[in-house]
1. What number comes out for accessible area per residue over the range 1-65 if the probe is 1.4 Å? Units Å², please.
2. May I ask you to evaluate 6.51 cos²θ - 1.76 cosθ + 1.60, the Karplus curve with θ = phi - 60°, for each residue of the range 10-20 and list the ³J(HN,Hα) values in order in whole Hz, giving x for glycine and proline?
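The values are calculated or read from the model by the stated rules, or taken from the named source; none is laboratory data. Here the structure is a predicted model, which is why all the values come from computation and not from measurement. Surface areas here come from the heavy atoms of the whole protein model, side chains and all, with no ligands, DNA or RNA. Shrake-Rupley method; radii C 1.70, N 1.55, O 1.52, S 1.80 Å.
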Amino acid sequence: MERDGQLELYGLVATRLKEAHGRVRVLGVSEEVRQGLVRRVLVISAAARHDLPGAARRLDQLMKDIDEGRVLPGPPAGSRSGTP
């Protein structure tokens, strides 16, 4: 029976990932912000293969951030916090 719940969660996460991609695509934000959001969606997608419940939580948080307008860019790729 647990397998059925797992398959149901996979379906839900897959549907929500498609929705997230679509929402990110049409957001009125800079290209830098859009790229950061796309990276977040891709990371969640990859994480779903190994930790489906964790990926579902991360996806919920991403969608909440988008809904509430918290879509600020992260640090540039390759940068480290605390270094000049």
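1. 68
2. 4, x, 5, 5, 4, 5, 5, 5, 4, 4, 4
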